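These notes concern the structure reproduced below.
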Amino acid sequence: MFIPASIPLNHYSVSEQLVSLQQKMATTPIKDLFADDPARFDKYTLEAAGLFLDYSKHLIDNKVMDSLVALAEEARLPQAIKAMFCGEKINYTEQRAVLHTALRSFNSQPIRVDGQDIMPLIRETRGRIKKLTEEVRSGQWRGHTGKPIEHIVNIGIGGSYLGLKTVINALTPYHKAGLSHHYVANIDPNEISDVFSKINPETTLFIVASKSFSTLETLQNAQAARQWMLHRGCSEADIRKHFIAISTNLNATDTFGINQANTLPLWDWVGGRYSLWSGIGLMIALVVGYDNFEGLLKGAQAMDQHVQTAPLSENMPVILGLLGIWYQNYFGAQSHAVISYDYFLRDLPGHLQQVDMESNGKRVNHQGEEVDYRTGAVIWGGTGTNDQHAYHQLLHQGTQLIPVDFIAPATTHNPLGEQHRWLFANAVAQSQAMMQGKTIEEIRKELADSGMSAEQIDTLAAHKRVPGNRPNSMIVTEKITPETTGALIALYEHKVLVQGTIWQINSFDQWGVELGKVLGNRVYSQLTGDHQPHHQDSSTTGLIQRFRQLNKSRL
Ligand code: F6P
């Protein structure tokens, strides 16, 4: 049922070669590869859309890279990239095109879905985002007591939350002063109550962001926000001054009471986790200004241009995707860490978790057959240097192979003494330490030099040894700007396409999430009602009874 580590991608002829290369590379110290080839850094670095990638500290040589590129060719990756950009219905289980890339296109060429050019819709919506942004930021948009907006609350979850929050925090230096931003995603009442305690009903604008406008959490939170406003002096007629919606479901937004003038459209060819580039990103524009929002789109567009035109061997998303496949399918890695050395990028791993794991957490191929190889990795991470004092120990000396992407801007928006230089130094040093490690001989010598007895050295040496050969990439950019943030997120989006193509899975549906929603409804109905389903496991029944018992006085 679960796929063992050792099953490679046998459906490709080049896979056999990769298996034998893996056996060689598994015992090759990367530091020897550096010693043997002074040009290694030049060979395994590349630049695109304002991002610089160093992938020289990987368990690779030319033969490995050639074979990985051959794997991509055998998987018809160039054709898959083209199919996505041209609007083919590559999300075939939902009969949908996958065209988030059109949202960041500023080209004049039409992009068609079912024969209709979607670019005019996109341009019109951008115009509406711009207008709304200017109205709110200039103070022209007024709340029900005539005061300008000071607080914006995004009510949305998953793709209607993670991406826009990641970008807004990444672009903190671009925020408009006096406009606070808040998020309500979870159905946990603590979350919305916390936000209510920080905002003023007279000066708050709620954005209800939901592609489907049927998501339980978002609808419950939107209703709670509406009631909160009504109980604080806002009339039904004035609710429109405090609510904007973004959705494909205009009937539902209407029923909720947000009129079409205050609703931005969305389309089924934009996947939820790829939607920050659409009206779902309205809050980004409100907080950082429309021009910066466009800068974000243009940065992503530069990466779109790169992925479509660069040869596979010099293509940044392709390289990142192939390296992931190399470790996941040939070395038995199960997870992948993304660690940014920039506080403002602290939400990136959370967004990438959805982008990657909701896309490639799949177990059947295009024919609906169960695959016998591993697909999507567990994506996780955080920020340096904090995490050096938390989980890096396991990365350095643990038993699992966990490839890491370090992301580090070369300059900071907040120069403060030597702090940024220390930050960057730590990023590079972690990358180096993971690759080079520390040998037992080096440790023995160091301990002997410090005057330690032979007996003490014998006890300590093995514990101090750092094996090294932990593969990692370094992504450097001059500065975190709207453009580089757009390029960075687009880089990871395209990495998902690369890997999903090679794994022969549909990266653009998410049927697995549905079961939990259905069962959630069923459990909910049992928490108060008398209804008890016949076929239910004793754990679920027992937990429901425990809840009812603990809430006896409240039910
Ligand atoms: O739960 C899965 C999901 O459908 C995500 O794919 C999506 O981003 C999220 O829920 C929110 O959906 P919506 O924008 O329709 O409220």
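Taken together, the values in this text are just the output of simple stated rules run on the coordinates, not laboratory data. Treat the numbers as computed from the prediction; the structure is a model and nothing was measured. We place every Cβ from the backbone using ideal geometry, glycine too, and count neighbours over all the protein chains shown.
A few comments on the model shown:
- Each of the peptides 316-324, 57-65 was scored by the mean count of other Cβ atoms within 10 Å over its residues; in descending order, highest first, they stand as 316-324, 57-65.
- Counted charge near Asn62, where neighbours are those whose Cβ lies closer than 11 Å (Asp, Glu -1; Lys, Arg +1): 0
- Across Lys43/Lys298; Lys43/Lys479; Lys82/Lys495, pairs whose alpha-carbon gap is larger than 18 Å: Lys43/Lys298; Lys43/Lys479
- When peptides 14-22, 292-300 are sorted by average Cβ neighbour count within 10 Å, with the highest value leading, the order is 292-300, 14-22.
- Sequence ranges 188-198, 335-345, ranked by mean other-Cβ count within 10 angstrom, highest first: 335-345, 188-198
- Each pair of Cα atoms in region 164-289 enters the Kirkwood radius, and Stokes-Einstein at 20 °C and 1.002 mPa s then converts it into a translational diffusion coefficient of 142 µm²/s.
- Between amide H atoms placed 1.01 Å from N, distances below 5 Å from Asp405 occur with Ala337, Val338, Ile339, Ser473, all of them 5 or more places distant or on a separate chain.
- Which of Tyr391, Val428, Pro201, positive extreme of dipole for the chain (C-beta unit charges): Pro201
- Relative contact order (%) - criterion: Cα under 8 Å, at least six apart; region: region 422-530: 24
- Mean Kyte hydropathy of 0.0 or more with a Cα span along the axis of at least 30 Å, helices from DSSP in the chain: 482-503
- Residue pairs, from the table Lys362/Lys464; Lys165/Lys362; Lys241/Lys552; Lys131/Lys165; Lys130/Lys211; Lys130/Lys165, whose Cα atoms sit over 29 Å apart: Lys362/Lys464; Lys241/Lys552
- Remark: relative contact order (the chain) = 20 percent; criterion is Cα-Cα distance under 8 angstrom and separation of 6 or more residues.
- About its Cα centre, the chain has a charge dipole of approximately 1360 debye under the convention of +1 per Lys or Arg Cβ and -1 per Asp or Glu Cβ, with nothing else charged.
- Efficiency of FRET from Cβ geometry, Ser313 and Lys89, R₀ 22 Å, rounded to 0.05: 0.15
- Extension reserve of the Asn10-Lys445 stretch, reckoned as 0.36 nm per residue once the Cα distance is removed: 152.0 nm
- Relative contact order (%) - criterion: Cα under 8 Å, at least six apart; region: region 159-297: 33
- Here the gap between Lys130 and Glu73, fully extended at 0.36 nm per residue and compared with their Cα-Cα distance, gives a gain of 16.4 nm.
- For Phe243, distant residues with modelled amide H under 5 Å away: Phe206
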